[in-house]
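**Student:** A single structure is presented below for examination.
Nothing in this text is a laboratory measurement; each read-out follows from the coordinates by a stated rule. The structure presented is a predicted model; accordingly, all values stated were derived computationally and were not measured. Backbone-built Cβ (ideal geometry, glycine too); neighbour counts: all protein chains shown.
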Amino acid sequence: MSGPLLPYGRQTIEDDDIAAVAQALRADFLTTGPLVDAFETAFAEKVGARHAVACANGTAALHLAMLALDVQPGEVCIAPSITFLATANCARYVGAEVVFADVDPTTGLMTPDTLTQAISRVGDRKLRAVLPVHLRGDTAELPALAALAQGAGAVLVEDAPHALGSTMSFGNQAEKVGDARHSAMATFSFHPVKTIATGEGGMVTTNDDQLAQRLKTLRSHGMVKPPGADPWIYEMPEPGFNYRLPDILCALGLSQLSKLDRFAARRRALAARYLEALKPLAPLARPAARPDWSDPVLHLMTVLIDFPAAGKTRRQVVDALKARGVGTQVHYIPVHTQPYYRDRYGPLDLPGAQAWYETCLSLPLYPDMADADVGRVVGALAEVLGV
Ligand SMILES: *Cc1c(COP(=O)(O)O)cnc(C)c1O
């Protein structure tokens, strides 16, 4: 059964990716050069948005989105509790407060119901942004979430690092994650476990010309060139950051983006295999549920396991899988239970997030896995659970 450890996710870097980086290293610009524009243009086209703005990482993308919206101290942003820390932290970077939304315990996603509950906890404060996360690659119900946000005077900012390549259909029209049709902006990450990798890297997409301009200014110190000014002149109307993505990494991003369709097809094929292979393990272990409208390129192959029914703790299952060469990860620890947020907001009862956390386990999923690896992983899981 055992073999080399399969991680829960990893990058696919090929010789032409390496050649593209080497070429960028020999060129004139290591940081802001022509490949930044080229990557942004190709990315915007790929996801169907008017603008894409590259930045240092997915966390910087979220921070820039908050800055571009001019979210103020004391205002409120709503984030789901089941996500990576950064979705909530970006609100704190600008002094805003976080109201955590619960999630559906079978999908891990924020829903219209859980958003409605969260909005009721905003109170007298000003709600500025709602940050749905397309957890695992399955998509949140954007039109309904956008309507609720709009009714409360806020906009959506999609935190979309899990869902590059995913599509969704509301009504009979398919649309791509990142087209920002229902949101002010969507953010992406190119961390090595994400669907395309640049090491560190991020992107914000939007259809709003002014937001795009603000994102570009804020990612480079807040510097602007007044029209017609002398060549050395720059002005800083407000301080920004150095959140640029260098030309070297944009070369890698462009090369990786050209492979997105292949990576996505491979992820879809592996996920289909998983869904089939996991059937006999139900109800002890079953894949996270798929919303009707979602046609995901899964970033994570998350299964929900009834550990008490299996007579095993999650730790025992994780260790036993590791001993059989299967790496796993938990996505995620509810963010509202982190010491910082618990201290700031007190204990919070979010039963969907708690139930999700107690059952979730992500199995290996990445394009370089062999078909046979899926059988090996599910076989190991069946053995460990005693199915
Ligand atoms: C990866 C990720 C981030 C942060 O991206 P980095 O590039 O690691 O900063 C934010 N939100 C979600 C949902 C992520 O998966």
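**Student:** Order these peptides, 290-298, 277-285, 179-187, 230-238, by their mean beta-carbon neighbour count within 10 angstrom, highest first.
**Tutor:** 179-187, 290-298, 277-285, 230-238
**Student:** Among the lysines, select those whose C-alpha is under 17 Å from the C-alpha of LYS312, and discard any that sit fewer than 8 residues away in the same chain.
**Tutor:** LYS322
**Student:** Continuing with the same structure: Let me check against my output: what whole-number percent is the relative contact order of the chain, with C-alpha pairs under 8 Å and at least 6 apart?
**Tutor:** Once divided by the residue count of the chain, the mean separation gives 24 percent.
**Student:** Next up: What dipole magnitude, in Debye to the nearest 20, does region 80-158 give about its Cα centre under +1 on Lys/Arg Cβ and -1 on Asp/Glu Cβ? Walk me through the intermediate numbers first.
**Tutor:** Numbers: 6 positive and 8 negative charges, 67 e Å.
Result for region 80-158 is approximately 320 debye, rounded to the nearest 20.
**Student:** Lysines near LYS216 by alpha-carbon distance under 30 Å, same-chain residues fewer than 8 away left out - which ones?
**Tutor:** Excluding near neighbours in sequence, the set is LYS46, LYS126, LYS176, LYS194, LYS225, LYS259.
**Student:** Between region 340-358 and region 51-109, what is the C-alpha centre distance in whole Å?
**Tutor:** What the calculation gives is 17 Å, centre to centre.
**Student:** Only Cα pairs under 8 Å and at least 6 apart count here; give the relative contact order of region 260-385 as a rounded whole percent. The partial results should precede the final answer.
**Tutor:** Values: 134 pairs, mean separation 44.3, N = 126.
About 35 percent, as a whole number.
**Student:** Still on this model: Report the net charge of residues surrounding HIS331, where surrounding means a beta-carbon distance below 14 angstrom and charges are Lys +1, Arg +1, Asp -1, Glu -1.
**Tutor:** Values: positive: ARG136, LYS194, ARG314; negative: ASP138, ASP159, GLU358.
Every neighbour counted, the sum reads 0.
**Student:** Give me the dipole magnitude in Debye, nearest 20, for the chain about the Cα centre, with unit charges on the beta carbon: positive for Lys and Arg, negative for Asp and Glu.
**Tutor:** That gives the chain a dipole magnitude of about 740 debye.
**Student:** I want to check the label-to-label distance for ASP368 and ILE13. Put each point 7 Å from Cα in the C-beta direction and report it in nm to one decimal.
**Tutor:** With each label placed 7 Å out from Cα toward Cβ, I get 1.0 nm.
**Student:** Where nothing but the Cβ of Lys and Arg (+1) and of Asp and Glu (-1) is charged, how large is the charge dipole of region 135-243 around its Cα centre, in debye to the nearest 20?
**Tutor:** Here the size comes out at about 160 debye.
**Student:** When the convex hull of the C-alpha atoms of the chain is computed, what volume per residue in Å³ does it have? Don't skip to the answer; put the middle values down first.
**Tutor:** Numbers: hull volume 54.7 nm³, N = 387.
Cα-based convex hull of the chain, divided per residue, equals 141 Å³.
**Student:** Can you give the helix-only mean residue ellipticity at 222 nm for the chain, where every DSSP H stretch with n ≥ 4 adds -39500 (n - 2.57) and the sum goes over all residues, rounded to the nearest 500 deg cm²/dmol?
**Tutor:** Theoretical 222 nm ellipticity from helices: -11500 deg cm²/dmol.
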